[in-house]
């Protein structure tokens with residue numbers, strides 16, 4: 001038994017040493033939150049420079065606990081077109097310098113996942129959410145039913161969103177009523193999250209291997225359809241992804257979204273809902289888009305009635321938007337993203353009294 | 001209990017502590033049975049789930065008592081048949097669809113392996129290879145030893161008794177203890193990383209055209225998908241199963257058990273027959289002793305000519321491996337698996353018999369040649385990988401694939417896959433040769449106290465990090481289902 005104790009102790013000591021070394025090494029490559037949401041690799045880049053904690057909105061379960069913001073913070077949520085279309089550095093040029101902007105957008109997210117981001121933001125900021133502005137990018141792709149969410153494929157049969165799956169990964173959260181609950185005291189979270197750094201760095205390595213591998217195969221199979229063929233493929237994908245038109249963007253879901261905005265507002269934060277443009281060619285050819293146009297008034301009226309919330313129809317603000325402003329069926333070109341970011345920031349600035357800054 | 005859970009690892013480490021800390025006289029009589037009971041309890045949510053297992057164990061124990069009390073062949077056959085019937089009933093075999101099964105959820109993990117142990121005791125008691133009295137406690141400890149409960153390795157009762165008596169009393173050297181920890185982490189590495197990666201590739205190829213209505217395309221397209229899906233599944237199964245064995249055997253050693261090995265470099269098999277002396281060894285040995293040998297004896301009694309015996313061996317091999325295949329599961333796909341295995345070993349045996357009879361000298365020269373060894377390994381792996389498709393395709397998909405590929409497609413898959421395996425195994429052997437050719441100084445570095453411990457703990461860190469990364473994707477232990 002003595003030998004078992006001795007060898008187990010040796011291994012434990014070696015393990016702790018490795019952990020410590022890797023913990024220190026992580027600080028050579030990643031600060032705690034300094035690069036959060038920035039576009040270090042150039043403004044025309046598609047995605048923000050990542051941090052060790054935050055790759056996308058799916059990782060806010062860790063990132064929010066260690067982020068240090070100035071007086072005001074803006075949390076960008078929505079799908080990938082919000083992430084690509086609203087660039088923090090451009091917005092920072094227009095907005096006052098005491099703002100910190102977080103890119104917490106998540107590819108393919110719907111209103112359920114946006115609610116979960118809000119929940120994590122609230123948990124990580126247990127006092128008032130005053131000083132926080134939620135910018136929620138919406139478009140016709142935001143209002144699909146949970147059963148169509150790609151998150152449901154992540155953990156087969158477990159019925160989790162991407163954000164929930166990410167949050168359950170380290171055992172710091174447990175699922176609760178379609179959202180999340182902490183398993184440890186919030187007071188310990190910043191320390192525990194930081195202690196995970198060596199594991200997180202490995203995860204980034206594994207993640208990069210997988211992503212580059214997938215990209216390699218995708219590149220080999222790439223057929224790059226253009227023109228009408230590309231439009232047909234996109235229409236097909238949206239039709240499948242958004243599900244049966246009968247259940248898509250129903251009154252209940254629109255009301256839920258309005259309630260979500262009200263909840264955010266009641267928590268002390270402000271809400272800006274940005275309706276993101278889609279290419280003009282898609283307007284008449286997607287029945288989902290047409291239904292969305294009819295249904296959106298349900299939440300628009302309710303949001304505009306809230307004291308610290310407003311709705312921006314970005315297409316109305318940028319009437320000269322053409323098909324050339326898009327690289328595909330929903331994502332803007334980098335040049336268009338700069339226009340979008342400026343337009344949204346100027347809108348926010350014009351409402352600064354209402355938003356309380 | 002998920003064997004990759006913290007709960008499982010804590011249980012194993014906790015059991016070492018408890019065994020070593022408890023007074024020696026109580027280790028076998030109280031501590032070990034309690035640990036076994038506790039382990040079984042981790043699999044159930046309600047006590048009723050244990051009733052069928054308890055009945056099965058009781059039936060097995062009473063059968064042994066009957067064989068001792070009435071040492072006749074008829075008693076032995078009757079009680080063995082009775083135990084087998086209970087097993088078949090509890091496993092809910094598909095061909096018994098007309099039978100009304102128990103409709104509440106019950107624990108079926110470990111049933112197959114308990115059956116093997118029961119039959120071993122019954123046979124050995126009947127043949128008087130076991131002469132001492134089999135007590136209820138020793139029977140329970142043998143059948144439900146938590147180290148081997150889920151899926152072996154299958155130990156002999158006699159060996160178990162000797163090792164149980166020395167439970168926690170064997171003084172292990174520091175090097176032995178380190179090797180146990182090292183092997184455990186190596187096992188985790190296999191299960192968590194290698195098996196997960198192989199399973200993901202396997203899934204990728206299956207979902208890309210080998211399931212349901214997606215089974216379409218040219219024969220060459222399907223062959224390509226089938227070869228890759230099969231090979232990755234075989235690798236996945238190997239890493240999953242052998243990794244689990246590494247964990248169990250090394251924990252057993254820390255407790256004083258010398259559990260038998262289940263794998264011995266299966267990539268080195270020169271033929272399908274040789275393969276079964278290297279893969280799931282304890283299962284193959286069990287079938288050899290308790291099915292093949294008696295069945296061959298039976299055939300030899302019927303046809304006593306010495307010249308016929310090798311051909312009777314071919315038949316006995318077919319029957320044994322058919323049975324072994326069917327044992328793996330209760331659905332019809334496992335009958336196909338059994339046919340695949342039976343055909344593989346019997347053709348291999350027949351080929352061997354005929355070649356030795358008619359071309360003895362050139363054949364011996366041929367099998368000693370390095371290239372024949374490489375090709376033997378490669379085609380053995382490909383054949384086994386194809387046979388394993390019964391594990392990952394359901395019956396309708398398997399029939400769909402057989403209909404699409406036809407014999408031509410299967411032969412093409414076997415040949416192309418065999419060539420791929422030959423290249424991969426050849427490269428693997430070359431790299432191994434190069435590594436072993438390193439100057440002795442470098443090799444001795446690997447044995448250095450600090451370097452070896454640093455390397456092992458680095459692997460552990462890698463396993464933990466990958467465990468978090470692959471959260472939800474790390475497959476469960478495959479053989480738990482059998």
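The values are calculated or read from the model by the stated rules, or taken from the named source; none is laboratory data. Owing to the predicted nature of the structure, the values given are computational and were not obtained by experimental measurement. Positions of Cβ are backbone-derived with ideal geometry, glycine not excepted, and every protein chain shown enters the neighbour counts.
Summary of values
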quantity: Some residue of the range B:291-298 being surrounded by 18 or more Cβ atoms within 10 Å (Cβ to Cβ) and under 30 Å from residue B:398 (Cα atoms); calculated: yes
quantity: Residue identified as away from chain A (no Cβ under 14 Å) and either touching a helix residue (DSSP H, G or I) at 6+ places or on another chain (Cβ under 9 Å) or outside any helix (DSSP H, G or I) (or both) among B:59, B:54; calculated: B:59
quantity: Residues located in the range B:1-26, provided they are within 13 Å of another protein chain (Cβ to nearest Cβ) and either at pLDDT below 85 or in contact with a strand residue (DSSP E or B) (Cβ under 8 Å, 6 or more places away or on another chain) (or both); calculated: B:5, B:6, B:7, B:9, B:24
quantity: Enumeration of residues in the range B:23-50 that are buried (at least 17 other Cβ atoms within 10 Å of the Cβ) and not in a helix (DSSP H, G or I); calculated: B:43
quantity: The one condition in (1) away from every other protein chain (no Cβ under 14 Å); (2) at positive phi; (3) in contact with a helix residue (DSSP H, G or I) (Cβ under 8 Å, 6 or more places away or on another chain) that residue B:92 fails to fulfil; calculated: (3)
quantity: Near pairs, Cβ below 8 angstrom, 6+ apart or cross-chain, from the range B:365-376 (closer than 15 Å to residue B:268 by Cβ and assigned by TED's automatic domain parsing to the domain that holds residue B:419) to any residue that is surrounded by 11 or more Cβ atoms within 10 Å (Cβ to Cβ) and modelled with pLDDT under 85; calculated: B:372/B:366; B:373/B:367; B:376/B:367
quantity: Residue within the range B:473-481 that is surrounded by 11 or more Cβ atoms within 10 Å (Cβ to Cβ) and without any contact (Cβ under 8 Å) to a residue 60 or more places away in the chain present; calculated: no
quantity: Residue list for the range B:426-445, filter: modelled with pLDDT of 80 or more and in a loop (DSSP other than H, G, I, E, B); calculated: none
quantity: Those residues of the range A:238-265 which are in a helix (DSSP H, G or I) and exposed (fewer than 12 other Cβ atoms within 10 Å of the Cβ), in sequence order; calculated: A:240, A:251, A:252
quantity: Residue in the range B:90-103 that is modelled with pLDDT of 90 or more and surrounded by 12 or more Cβ atoms within 10 Å (Cβ to Cβ) present; calculated: yes
quantity: Residue under evaluation residue B:162, criteria (1) within 14 Å of another protein chain (Cβ to nearest Cβ); (2) free of Cβ contacts under 8 Å to residues at least 12 places away in the same chain; (3) out of contact with any helix residue (DSSP H, G or I) (no Cβ under 6 Å at 6 or more places or on another chain), criterion not met; calculated: (1)
quantity: Unmet criterion (only one of (1) closer than 23 Å to residue A:240 by Cβ; (2) surrounded by fewer than 17 Cβ atoms within 10 Å (Cβ to Cβ); (3) at pLDDT 80 or above) for residue A:140; calculated: (2)
quantity: Residues located in the range B:94-110, provided they are outside any helix (DSSP H, G or I), farther than 15 Å from residue B:56 by Cβ and either touching a strand residue (DSSP E or B) at 6+ places or on another chain (Cβ under 6 Å) or touching a residue at least 12 places away in the same chain (Cβ under 8 Å) (or both); calculated: B:104, B:105
quantity: Any hit, the range B:472-479, residues being away from chain A (no Cβ under 14 Å) and in a helix (DSSP H, G or I); calculated: yes
quantity: Residue in the range B:168-204 that is farthest from residue B:252 (Cα to Cα), counting only those that are at the interface with chain A (Cβ under 10 Å from one of its Cβ atoms) and in a loop (DSSP other than H, G, I, E, B); calculated: B:173
quantity: Options B:206, B:191, B:219, B:197: the member that is without any contact (Cβ under 8 Å) to a residue 12 or more places away in the chain, at negative phi and in contact with a helix residue (DSSP H, G or I) (Cβ under 9 Å, 6 or more places away or on another chain); calculated: B:197
quantity: Flag if residue A:199 is within 14 Å of chain B (Cβ to nearest Cβ) and out of contact with any strand residue (DSSP E or B) (no Cβ under 9 Å at 6 or more places or on another chain); calculated: yes
quantity: Filter result (in a loop (DSSP other than H, G, I, E, B) and more than 19 Å from the chain's Cα centre (by Cα)) within the range A:266-277; calculated: A:267, A:268
quantity: Residue satisfying all of: in the range B:446-455; more than 7 Å from every other protein chain (Cβ to nearest Cβ) and in a helix (DSSP H, G or I); modelled with the lowest pLDDT among these; calculated: B:446
quantity: Odd one out for residue B:141 among (1) over 15 Å from residue B:248 (Cα atoms); (2) within 14 Å of chain A (Cβ to nearest Cβ); calculated: (2)
quantity: Check on residue B:156, more than 13 Å from chain A (Cβ to nearest Cβ) and within 28 Å of residue B:114 (Cα to Cα); calculated: yes
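So that you can scan it fast, the table gives a plain yes or no per residue for (1) assigned to a helix (DSSP H, G or I); (2) surrounded by fewer than 18 Cβ atoms within 10 Å (Cβ to Cβ):
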| position | (1), (2) |
| --- | --- |
| B:252 | yes, no |
| B:258 | no, yes |
| B:270 | no, yes |
| B:278 | no, no |
| B:286 | yes, no |
